[in-house]
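**Student:** I have a structure I would like to understand better, so I am pasting it below and will then ask my questions one at a time.
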Amino acid sequence: MDERWIAAVVIFVMSLLGLLLNMTVAIFASKVTSLKNAFGRLCVSQAAGETVFCCTYLFYYSPMVFL
């Protein structure tokens with residue numbers, strides 16, 4: 001197998017996993033009543049930013065490495 005293909009698959013899998021987990025954290029942190037404070041808002045904001053970062057890697061960078 002070509003090294004670029006392996007790298008693209010690894011990037012795709014890791015970014016998909018990161019996307020799903022960060023979305024889960026953002027949804028969970030926004031629903032839990034004990035996180036309705038500044039720390040909870042910070043967690044939701046961080047998870048949302050990381051979700052955008054993972055989407056960029058998933059839909060832009062991994063296909064670019066694959067091609």
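No value in this document is a laboratory result; all are computed from the given coordinates. This one's a predicted model, so the numbers in the text were calculated from it and none came from an experiment. Backbone-built Cβ (ideal geometry, glycine too); neighbour counts: all protein chains shown.
**Student:** So, Val44, is that one exposed (fewer than 13 other Cβ atoms within 10 Å of the Cβ) and among the β-branched types (Val, Ile, Thr) or not?
**Tutor:** Judged against the criteria, Val44 is not a match.
**Student:** Every residue in region 1-27 that is surrounded by 14 or more Cβ atoms within 10 Å (Cβ to Cβ) and either under 8 Å from the mean Cα position of the chain (by Cα) or within 11 Å of Val44 (Cβ to Cβ) (or both), please.
**Tutor:** Ser15, Leu16, Gly18, Leu19, Leu21, Asn22, Met23, Val25, Ala26
**Student:** Within region 1-42, how many residues turn out to be in a helix (DSSP H, G or I) and under 30 Å from Pro63 (Cβ atoms)?
**Tutor:** Matching residues across region 1-42 total 26.
**Student:** Sticking with this one: Tally up the residues in region 28-41 that are exposed (fewer than 12 other Cβ atoms within 10 Å of the Cβ) and either in contact with a helix residue (DSSP H, G or I) (Cβ under 6 Å, 6 or more places away or on another chain) or among the aromatic types (Phe, Trp, Tyr) (or both), please.
**Tutor:** Summing the residues that are exposed (fewer than 12 other Cβ atoms within 10 Å of the Cβ) and either in contact with a helix residue (DSSP H, G or I) (Cβ under 6 Å, 6 or more places away or on another chain) or among the aromatic types (Phe, Trp, Tyr) (or both) in region 28-41 gives 1.
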